[in-house]
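Participant: Supplied in structure tokens, the structure appears directly below.
The values are calculated or read from the model by the stated rules, or taken from the named source; none is laboratory data. A quick note: this is a predicted structure, and the numbers were derived from the prediction, not measured. Neighbour counts run over all protein chains shown; Cβ positions are idealised from the backbone, glycine included. Remember, those area values only see protein heavy atoms, side chains included, never the ligands or the DNA or RNA. Shrake-Rupley method; radii C 1.70, N 1.55, O 1.52, S 1.80 Å.
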Amino acid sequence: MKKRILTGITTTGIPHIGNFIGAIKPALELSKDYDDSFFFLADYHSIIKNNSTDEIKESVKSIALAWLSCGLDPTKTIFYRQSDVPEILELTWILNCVTAKGLMNRAHAYKSAVSQNNNDPDKGINMGLFSYPILMAADILMFDSTHVPVGSDQNQHIEMTRDIATRFNHLYGPLLTVPDSIIQDKQKVVLGLDGRKMSKSYGNVIPLLESQKTLKKSIMKIVTNSLEPGVPKDSKNCTVFDLYKNFATEDEIINLQTAYDEGISWGDAKEKLFLKINSQLEPIRNKYDELYQDKNYINDVLHEGATKARSYAVEKISLIKEVIGISKIT
Ligand code: ADP
Ligand code: TRP
């Protein structure tokens, strides 16, 4: 059986270097080991929590261009927008009808939203949030994906996808491929400006695609202690050092450790970090600027990706509809 990797990228926010190190780079590396790869923009997922039209539009564009600028080759990977493949929504409904409500009650994201409510447990919870894992199952099962790389927070959704597929297969025969997850390396948590995990929800990000000037300004804002130049610095629990490790070679890390022991100033340490990150982001930024100017490029790439994805989806949904009895009257 073919090994097919598939992963979705929720289109909220503007990409940051945590996304680059934790998601984009490893997924692009991983895709080399598979027979084929499907990467898509989960724009229907993104409207669950965000109803700003402009933010969604901006995010879809910048995230799509980020992946392409970081090296996604659309001739090798099928790269598409979830909303361009309407068969996914048909499958979502079908899967809704085989999924136990109780299974959804157990979803972490839903439970956490409920637990933040006081008197009314349903306050602020829409059905999109409740059935989020079913849309995700449809994304995965539509294309017979065998492996799904995700962050550990998404593992429960893959388990649910497996449950839903197994239930469908039990009812109608073995038509759906039960996928395995590939859980991302936990070591790779990139820290943000304040030392917590870098995340758009904490407002502590270093953006991936902004100008060199903005990159430098962000790095200079990293919170450190007030030790003077000449005083040895501790590289443990140090955001500057930690970020440096994500981009540097072993030798470069050893050299920075020596500089810490010798009392490098925070300004100089940040300058080293800036130069290191900048050298890796510069080609990505240049590519992004080039692609951004070309108004048709992104639409052409996504159109092409959707055409390829739909060639699988149309065939699969017709098989699925056939086994559930929604087919030509004979
Ligand atoms: P955010 O926390 O900014 O909302 P997302 O949840 O949209 O980011 O994450 C998109 C992808 O990037 C996920 O695969 C996630 O694991 C990865 N990612 C996000 N932040 C980090 C981080 N600080 N370190 C490593 N990976 C990250
Ligand atoms: N829920 C995933 C996240 O927030 C994104 C996603 C949507 C996804 N559909 C998917 C990931 C299918 C893998 C497979 O990160």
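Participant: For Ile183, all conditions in the list (1) at pLDDT 95 or above; (2) within 14 Å of ligand 1 (Cβ to nearest atom); (3) over 28 Å from Leu273 (Cβ atoms); (4) open to solvent by 40 Å² or more (accessible area, probe 1.4 Å) hold save one; what is the number of the exception?
Facilitator: (1)
Participant: Restricted to the range 21-60, and to residues that are over 25 Å from Asp180 (Cβ atoms) and open to solvent by less than 40 Å² (accessible area, probe 1.4 Å), which residue is farthest from ligand 1 (Cβ to nearest atom)?
Facilitator: Of everything passing the filter in the range 21-60, Ser52 is farthest from ligand 1 (Cβ to nearest atom).
Participant: Can you name the helices (runs of 4 or more DSSP H) wholly within the range 20-78 that have at least 1 residues being among the aliphatic types (A, V, I, L, M), under 23 Å from Leu135 (Cβ atoms) and within 13 Å of ligand 2 (Cβ to nearest atom)?
Facilitator: Hits in the range 20-78: 25-31, 53-69.
Participant: Here are some residues: Thr92, Thr12. Which one is part of a helix (DSSP H, G or I), within 15 Å of ligand 2 (Cβ to nearest atom) and in contact with a helix residue (DSSP H, G or I) (Cβ under 6 Å, 6 or more places away or on another chain)?
Facilitator: Residue meeting the stated conditions: Thr92.
Participant: Conditions first: (1) free of Cβ contacts under 8 Å to residues at least 12 places away in the same chain; (2) in contact with a Cys (Cβ under 7 Å, 6 or more places away or on another chain). Leu28 passes all but one, so which condition is the exception?
Facilitator: Result: Leu28 fails condition (1) only.
Participant: Scan the range 1-39 for residues that are touching an Asp or Glu at 6+ places or on another chain (Cβ under 8 Å) and under 15 Å from His147 (Cβ atoms) and jot them down.
Facilitator: Listed by number, the residues that qualify are Lys2, Lys3, Arg4, Ile5, Leu6, Gly8, Pro26.
Participant: Shifting gears a bit: For Thr166, are the conditions met, namely being more than 16 Å from Ala42 (Cα to Cα), of a type in the set (S, T, N, Q), within 13 Å of ligand 2 (Cβ to nearest atom) and over 15 Å from the mean Cα position of the chain (by Cα)?
Facilitator: no
Participant: Looking at the range 73-110, which of its residues are among the hydrophobic types (A, V, I, L, M, F, W, C) and open to solvent by less than 10 Å² (accessible area, probe 1.4 Å)?
Facilitator: Phe79, Val85, Ile88, Leu91, Leu95, Met104, Ala107
Participant: So, one more: Among Leu89, Leu6, which is within 16 Å of ligand 1 (Cβ to nearest atom) and over 27 Å from Leu193 (Cα atoms)?
Facilitator: Leu6
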